[in-house]
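**Student:** Structure below; questions to follow.
Every read-out reported here was derived from the displayed coordinates using simple, explicitly stated rules and does not represent laboratory data. Fair warning: this is a prediction, and the values are worked out from it, not measured in the lab. Virtual Cβ from ideal backbone geometry, glycine too; neighbours counted across all protein chains shown.
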Amino acid sequence: MTRGRLTAGQIRILIAAALFAAASIWNSPYPALTPLQTIPTFVTLAMLAFAGHRWGVSTASLACLCLFLALHTIGGRYIYSFVPYDAWIASLGLTTPSELFGWERNHYDRLVHFAFGLLWFPVLRELLNRIGGLSPRWSIYVAVEAVLAASAAYEIFEWWLTLVMAPGNADAYNGQQGDMWDAQRDMALAFGGALIAAAIAVLAGKRART
């Protein structure tokens, strides 16, 4: 890990993530809503570039965040509710998740919220430990709490952005699919992802000490 500047490999990862996000807008099946989904991606990439240049971040953590942004980009292209993962899997001659589990809604948004907790935890813990000066144990605890707080803040921001920019398409943009508990389930999945990542970090730390 290089402190205080981005490595050439990290710059390539950020550029690839930005190009992927930009390409997702082209010929979008939902041109009125896809840009709204993509704006947070570009903002996050800019923040990552600044943070990496200012304080430095490990390539592993950066890759985790860009993987999350790639998953979000796919969801944003199809406004989450219509990601055709069943069709993609069926084209491979495999049983689709909806057939296997009897799903009646599109669950891609659930995957991304879980991935948020799982993939954002490493960089949050790293920054809290290295820059914030927290101990390894406290950095794990605060990183989990930060994921939960950020998940709640995003649900509020998503609600506000919809009311301001797409009030007539609120349900489609938010991906609620008629689920009145959608926001709560999304936050719970992000929390669960962070807890799993925290458990992995604890086990890795114990293994390193033995």
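**Student:** If you go through the range 77-96, how many residues are of a type outside the set (Lys, Arg), surrounded by 15 or more Cβ atoms within 10 Å (Cβ to Cβ) and not in a loop (DSSP other than H, G, I, E, B)?
**Tutor:** Selection size over the range 77-96: 3.
**Student:** Please specify each residue of the range 26-57 satisfying the condition of being more than 18 Å from the chain's Cα centre (by Cα) and among the hydroxyl-bearing types (Ser, Thr, Tyr).
**Tutor:** Within the range 26-57, 28, 30 meet the criteria.
**Student:** Given the conditions (1) free of Cβ contacts under 8 Å to residues at least 12 places away in the same chain; (2) β-branched (Val, Ile, Thr); (3) in contact with a Leu (Cβ under 9 Å, 6 or more places away or on another chain), and given that residue 95 satisfies all but one, which numbered condition is not satisfied?
**Tutor:** Residue 95 satisfies every listed condition except (3).
**Student:** Out of all the residues in the range 19-57, which are surrounded by fewer than 13 Cβ atoms within 10 Å (Cβ to Cβ) and hydrophobic (A, V, I, L, M, F, W, C)?
**Tutor:** 19, 23, 26, 43, 46, 47, 50
**Student:** Restrict the check to the range 21-36 and report whether at least one residue is within 18 Å of residue 118 (Cβ to Cβ) and outside any loop (DSSP other than H, G, I, E, B). Step through it out loud before you land on a result.
**Tutor:** From the range 21-36, those within 18 Å of residue 118 (Cβ to Cβ) are none; that's our starting set.
The answer is no; no qualifying residue exists.
So that you can scan it fast, the table gives a plain yes or no per residue for (1) in contact (Cβ under 8 Å) with a residue 60 or more places away in the chain; (2) surrounded by fewer than 18 Cβ atoms within 10 Å (Cβ to Cβ):
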| position | (1), (2) |
| --- | --- |
| 116 | yes, no |
| 122 | yes, no |
| 126 | yes, no |
| 129 | no, no |
| 134 | no, yes |
| 137 | no, yes |
| 140 | yes, no |
| 147 | no, no |
| 151 | no, no |
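**Student:** Yes or no: residue 16 within 23 Å of residue 123 (Cβ to Cβ) and loosely packed, with under 13 Cβ neighbours inside 10 Å?
**Tutor:** Values: within 23 Å of residue 123 (Cβ to Cβ): yes; loosely packed, with under 13 Cβ neighbours inside 10 Å: yes.
Against the criterion (within 23 Å of residue 123 (Cβ to Cβ) and loosely packed, with under 13 Cβ neighbours inside 10 Å), residue 16 qualifies.
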